[in-house]
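Structure record follows, encoded as structure tokens.
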Amino acid sequence: MTILTATELRTHIETDLADAALNRLAAAAEQLIIREAGDTAALTEIFNEEGFPQGRERTLFLARTTSSITSIKERDTYDGTQTTLSADDYRQEGGRKLVRLTDGTNSRSLWAPHTEVIYVPATDSNIRELVQINLVTLANMYIGAKQEQEGDFDFEHLDFAPETRKILSLLNNSNNRMLVV
């Protein structure tokens, strides 16, 4: 997956870098984005609560906001029979919250101790593009010196690491793994 190509980046960034060099900066920025906010491909989250033989609570929280749920499977024991839930077995609230329903096809009052949720995360492509543009711009400007002086002119450069963290914070990713309420 490529967020922006060198040609697309040139519409936002003025640089003399060759396309190959700009593509390397773009690829590095993309890896930072994926490390910070996760991939945009389908995700699998596995919730294991062996210590709760009756199951967990009625509510699960996913790590990321969902675009769609692909499947939810439950097992009562680690090596037990897996049941694929129907859409009427749970309710999705607010993008991350899943509530187990008692009146569905596979009704149950609590989530099973072993639950697997496969879903497609909600798109945040506009934010990822902005972050990539800002990261590539920063990398393009970075010369490794903290300060330059030419004649009477003194110029202090941005510190690369804190600026990178500040740009990545635009992703506002809540990668906390709070799963049960």
Could you say which residue among GLU93, GLU74 is closer than 27 Å to THR40 by Cβ and surrounded by 15 or more Cβ atoms within 10 Å (Cβ to Cβ)? GLU74
Please pick out the residue among ILE118, ILE127 that is modelled with pLDDT of 95 or more and either within 23 Å of the chain's Cα centre (by Cα) or of a type in the set (S, T, N, Q) (or both). ILE118
Out of (1) surrounded by fewer than 12 Cβ atoms within 10 Å (Cβ to Cβ); (2) within 18 Å of the chain's Cα centre (by Cα); (3) of a type in the set (Phe, Trp, Tyr), the odd one out for PHE61 is which? (1)
If you take the residues in region 58-80 that are in a loop (DSSP other than H, G, I, E, B) and of a type in the set (Lys, Arg), which one is farthest from SER109 (Cα to Cα)? ARG64
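The values are calculated or read from the model by the stated rules, or taken from the named source; none is laboratory data. Keep in mind that what you see is a predicted model, and the values were worked out from it rather than measured. For neighbour counting, all protein chains shown are included, and Cβ atoms are generated from backbone atoms with ideal geometry for every residue, glycine included.
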